[in-house]
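Below is one structure, written out as structure tokens, with a few remarks after it.
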Amino acid sequence: MVVICLDLCLAVAATWMAFTLRLDTWHRPVGMEWAVYAVAPLLSIPVFVKFGLYRAIFRYTGLAAILATSKAVAIYGLLFLPAVIALYLWEGIPRSLSVLQPLILLLLIAGSRTVAWHWLAANSARTTNRLLIYGAGSAGAQTAAALASAQQYTLLGFIDDDEHKAGRTINRVSVMSPAAVPAFASRFAVTDILLALPSASRERRNQIIEHLSALPVRIRTLPGLADLASGRVTVQDFRDLDIEDLLGRPPVAPDPQLLARKLAHQVVLVTGAGGSIGSELCRQIVQQGPSQILLVDHSEFALYRIHMELELLVRRSGLVMRTVPLLASVCNFDRISEICRAYKPASVYHAAAYKHVPMVESNPGEAVINNVLGTLNLARAALKWGVDSFVLVSTDKAVRPTNVMGATKRIAEQILQSLADCGASPFDEGNAEHSKSLPKTRFSMVRFGNVLGSSGSVVPLFRDQIANGGPVTVTDPEVTRYFMTIPEAVQLVLYAGAMARSGDLFVLDMGAPVKIVDLAKRMITLSGRTVRDEFRPTGDISITFTGLRAGEKRFEELLIGENPMPTEHPRIILAREEFVEWPTCSQRVQRLLEAARSGERDAIVDALRTLVPGYIARPTAERPDTVAEQPEVALARH
């Protein structure tokens with residue numbers, strides 16, 4: 001009703017302005033001229049109602065609303081014309097009013113809608129975030145257009161490295177250089193900076209993030225070029241920084257030819273296919289065009305989820321292959337052997353393992369059965385049915401381990417090293433002639449550090465803690481870890497399978513280790529918060545130290561032996577480490593498995609020490625019997 005009353009007044013005002021312009025003097029209506037003032041609103045309002053001008057939400061007025069208004073005024077003008085002609089013939093009313101009045105009315109109505117839109121936007125923006133967009137290119141302009149209607153952010157300006165753009169404007173929003181950002185952000189209380197740089201290199205993004213990290217703003221990013229191909233950007237596309245941005249270094253570059261060397265047109269089996277590493281292995285293997293990929297996992301839901309995802313990926317990519325979900329445990333030799341017999345995989349990637357350090361420390365028997373016996377069963381089946389390549393996903397915690405998880409992974413490595421050293425399969429499978437006719441399996445291992453973003457990573461935990469206002473929990477101020485992303489780790493595993501000779505143990509050159517407390521501080525500052533400590537007691541989020549967990553090291557290592565050798569990939573190292581021959585290894589492994597089945601912790605620890613000379617177990621008094629005693633502390637430390 002307010003807008004209808006406004007349009008009535010505007011119709012009268014447009015009539016007065018038309019008379020004034022036509023007669024070139026301030027108009028005072030007399031006689032039949034009053035009829036024109038009456039006809040204008042009586043004709044215009046019904047037409048505007050018919051065209052839905054009063055059903056629009058004026059807060060979101062745009063080009064479509066302006067076009068609808070123009071059409072309505074045009075129809076009104078056609079109806080207004082005969083009325084003016086009739087009055088001209090009767091009383092000599094100027095005929096030009098039939099053109100002047102509708103044009104002026106259009107300008108007045110369009111102007112009123114624009115003013116209303118700006119007024120509503122200004123009032124709603126008082127409670128929104130104050131944003132700068134880094135990147136004054138096409139992605140930045142698309143983002144600004146999305147923000148104009150979303151009303152969730154107030155866009156204060158653009159940032160661009162191009163000096164020629166500094167001082168210019170995009171839709172009346174100024175562009176500034178990076179050097180001007182700190183002063184501008186402080187003066188105008190900027191809360192968010194959005195990186196609209198989908199084509200920027202990882203190195204350049206890291207430089208920008210480092211430059212902005214000192215500001216008390218939240219740094220967010222847009223998707224990559226592939227996600228922007230549709231030319232549409234929405235506020236929902238804004239997301240927190242990538243895991244790679246937190247890593248602070250360029251990721252390992254892929255080599256498609258090397259990856260496809262042993263995967264294209266082959267049958268490939270992945271154990272632990274539903275896990276963090278296993279699922280990414282499956283995604284990257286599918287891209288290399290195998291004939292079949294066998295997904296093995298003992299978790300029904302995890303297997304269903306990765307199978308559905310891969311089926312969709314295969315259809316979208318137009319690939320011709322089968323994805324076969326196989327519900328199985330690597331601890332069941334008969335089931336694993338039957339799978340290898342039925343599908344004849346050429347390559348096996350063994351990612352199935354218990355890896356959560358405190359959980360494994362509290363359940364050593366199950367860890368030994370799963371990590372050691374599972375590897376032994378899979379290796380035995382690979383030898384029995386002629387698998388060409390077997391790659392074990394290992395960990396840096398296998399180096400001089402102080403926990404059960406690391407010790408079991410080192411034993412899994414030793415099993416494969418010992419089997420690779422044998423001239424033939426040491427297992428009596430009841431068909432010696434068949435075994436001799438099969439190719440010798442190439443066993444190899446890939447050892448790497450922590451992966452950012454996995455189910456056991458600190459990154460999801462830190463994000464949740466920051467979102468909840470803290471505190472962020474770190475075990476020890478000196479704890480350092482080697483980090484890589486999940487795609488990097490998976491590329492390494494695939495490279496190893498392509499270049500490996502039997503018995504090779506590969507390690508990634510992961511650069512310098514990262515302090516966990518520094519990672520926590522980086523995530524806090526990049527979220528737009530400040531760290532609360534003795535130097536800044538008024539900060540937003542504090543960091544608390546909870547103490548080392550059972551079996552946890554302050555510093556991780558990647559190598560046991562000396563003289564590592566380079567490989568054809570610049571970021572992959574070939575390690576040389578000692579192992580015992582298979583007869584001795586087999587006897588010790590059997591004693592370990594017997595101890596694990598009995599559930600006697602001391603016997604398990606003694607057997608682990610025999611197999612892994614570098615293993616140092618914490619005293620029983622310092623080791624929790626179960627992680628369920630203090631779930632909140634266990635979760636925070638994890």
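No value in this document is a laboratory result; all are computed from the given coordinates. All values reported here derive from a predicted model rather than from experimental measurement. All Cβ positions, even for glycine, are placed from backbone atoms using ideal geometry, and neighbour counts span all protein chains on display.
For region 261-323, relative contact order (Cα pairs under 8 Å, six or more residues apart, normalised by length) works out to 36 percent.
Only lysines eight or more places from LYS409 in sequence, or on another chain, were considered; those with a Cα closer than 19 Å are LYS355, LYS397, LYS553. Along region 269-280 the Karplus relation, 6.51 cos²θ - 1.76 cosθ + 1.60 evaluated at θ = phi - 60°, assigns HN-Hα couplings of 10, 10, 8, x, 5, x, x, 4, 6, x, 5, 5 Hz to successive residues, with x for each Gly and Pro. Within the shell of other residues whose beta carbon sits under 15 angstrom from the beta carbon of ILE93, the net charge comes to +1, with Lys and Arg scored +1 and Asp and Glu -1. 3J(HN,Hα) along region 408-417, derived from phi through the Karplus expression 6.51 cos²θ - 1.76 cosθ + 1.60 where θ = phi - 60°, amounts to 5, 5, 5, 5, 4, 4, 5, 4, 5, 4 Hz, with x in place of Gly and Pro.
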